[in-house]
Amino acid sequence: MLLDNQRRTVDSEALASVLTCEYWTDRLLGASENVCVRNRATWLLTANNPSFSLEIARRSIRCRIDAKTDQPWKRTKFKHPDFKDWVRAHRTELVHAVLVIVQAWIAAGRPPGTASLGSFESWASVIGGVLEHAGIPGFLGNLDELYEQADVESQEWRAFTIAWWDRYGNIRVGAADLLRLAVVGEHLSDVLGEKKERAQVIALGKALAARRDCQFGDLRIHVEKNGHTKTGAYQLVQVEQIATANPKPDPPATLFDSKDEIGPSEGD
């Protein structure tokens, strides 16, 4: 499935879902019935310096091609000028080479790869293991760079939460206070838009509620709702403070004295 030459920010709940689900259920086009099909597709997207929402970015890996020219279609002096014809002519050799690499990994006991990717753990373990055993480094090594450059949404929220922390620390504040901070610092323009102030306060409150307990850097957003006024109070908490405020409880006391030979099991 190829999404070619994307120009807008890639943000789709349906796409995020289909990238991770094993089966896809939807209404059959032109009929009043639902179908459930096995999701066996490989999803590809091409774009120039694409931007993704957080949900799409975390489901993506990047293969970056930099021709270092403003007109890459004019390039010459390729090792294989007609690449498609060359691949067709050498298909047997290429498939054989791939199968040898995979078989060598199987013969070595299928050692798992060291890199991991949430929701794709099995795939990362297999592909990473094959490549590492073949001596090919760098598998998933550009994920942090991808998130930093492509995930515009998280960048905006990270900058906003830093400004929020610098201004208010861990003090509880309202959406109106944070709106003034966002406007002055030119943060979250996509959330606020060109609405009037009251509408911007509501939009910001909804955006904050949607990111309840979300973490940006070492800052986590805490939301408290007032059931009577239906207003919210918002607070930033550092991860270190959360760990300090919620220490691990002491292990439960055993029913046996220290002199007894029988002690608690490993699971206690």
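The values are calculated or read from the model by the stated rules, or taken from the named source; none is laboratory data. This structure is a prediction, so every number in the text was calculated from the model and none was measured. Ideal geometry is used to build each Cβ from the backbone, glycine not excepted, and the neighbour counts take in all protein chains shown. Side chains included, ligands, DNA and RNA excluded: accessible areas come from the protein's heavy atoms. Shrake-Rupley method; radii C 1.70, N 1.55, O 1.52, S 1.80 Å.
Volume per residue of the convex hull around the Cα atoms, evaluated for the chain, comes out as 314 Å³. Residue farthest toward the positive end of the dipole of the chain, with Cβ of Lys/Arg at +1 and Asp/Glu at -1: which of VAL98, GLY30, ILE221? The Cα lying farthest towards the positive end belongs to GLY30. Net charge dipole, the chain: roughly 1220 debye, given to the nearest 20, about the Cα centre with Cβ charges of +1 for Lys and Arg and -1 for Asp and Glu. Mind running the shape call on segment 51-193? Use the C-alpha gyration tensor, a ≥ b ≥ c as the square roots of the eigenvalues: rounded below 1.5 for a/c, prolate if a/b tops b/c, oblate otherwise. The shape class here is oblate. Using the 1.4 Å probe convention, the accessible area of the chain works out to 74 Å² per residue with neighbouring protein chains retained. Put a plus charge on the Cβ of each Lys and Arg, a minus charge on the Cβ of each Asp and Glu, and nothing anywhere else: the dipole of segment 67-204 about its Cα centre is then about 420 debye.
Net charge within 13 Å of LEU179 by Cβ-Cβ distance, Lys/Arg positive one each and Asp/Glu negative one each, not counting LEU179 itself?
Details: positive: ARG167, ARG180, LYS195, LYS196, ARG198, LYS206; negative: ASP177, GLU186, GLU197.
Here the charged neighbours net out to +3.
Dipole orientation for segment 112-162: of the candidates GLY141, PHE160, VAL130, VAL130 has the Cα lying most toward the positive pole (charges on Cβ; Lys, Arg +1; Asp, Glu -1).
What is the list of residues in segment 188-204 whose amide nitrogen lies under 17 Å from a point 7 angstrom out from the Cα of ALA163, following Cα to Cβ? Within reach of a label on ALA163: 188-195, 197, 200-204. Please work out the FRET efficiency for the pair SER116 and ASN170, using the Cβ-Cβ distance as r and a Förster radius of 30 Å; give the result to the nearest 0.05. Calculated transfer efficiency: 0.40. Take the Cβ-Cβ distance between VAL102 and LYS74 as r, set R0 to 45 Å, and report the resulting FRET efficiency rounded to the nearest 0.05. It comes out at approximately 0.75. Our estimate of slack between LYS84 and LEU2, defined as 0.36 nm per intervening residue step minus the Cα-Cα distance, is 27.7 nm.
About its Cα centre, the dipole of segment 102-154 is roughly 460 debye, where the only charges are +1 on Lys and Arg Cβ and -1 on Asp and Glu Cβ. What the Cβ-Cβ distance of ASN49 and VAL95 gives, at R0 = 25 Å and to the nearest 0.05, is a FRET efficiency of 0.15.
Taking every DSSP bridge with both residues inside segment 1-135, close to 55 percent are antiparallel. Ignoring ligands, DNA and RNA, what percent of the accessible area of the chain is carbon or sulfur (1.4 Å)? In the chain, the share of accessible area belonging to carbon and sulfur is 53 percent. Keeping all protein chains in the complex and leaving out DNA, RNA and ligands, what accessible area do you get for SER53 with a 1.4 Å probe, in Å² to the nearest 10? Here the residue's solvent-accessible area equals roughly 10 Å².
Counting charges near SER119 (Lys, Arg +1; Asp, Glu -1) among other residues having Cβ under 13 Å from its Cβ returns a value of -1. Going by Cα centres, segment 120-153 and segment 16-84 are how many Å apart? Centre-to-centre (Cα) distance: 16 Å.
Rounded to whole numbers, the Karplus 3J(HN,Hα) couplings from phi for segment 217-223 are x, 9, 10, 10, 8, 10, 10 Hz, using 6.51 cos²θ - 1.76 cosθ + 1.60 with θ = phi - 60°, and x at Gly and Pro.
Heavy atoms only, probe 1.4 angstrom, no DNA, RNA or ligands counted: give me ASP4, ASP26, ASP144 ranked by accessible area, highest first. Present the calculation step by step, with values, prior to reporting the outcome.
Details: ASP4 100, ASP26 80, ASP144 125 Å².
From most exposed to least exposed: ASP144, ASP4, ASP26.
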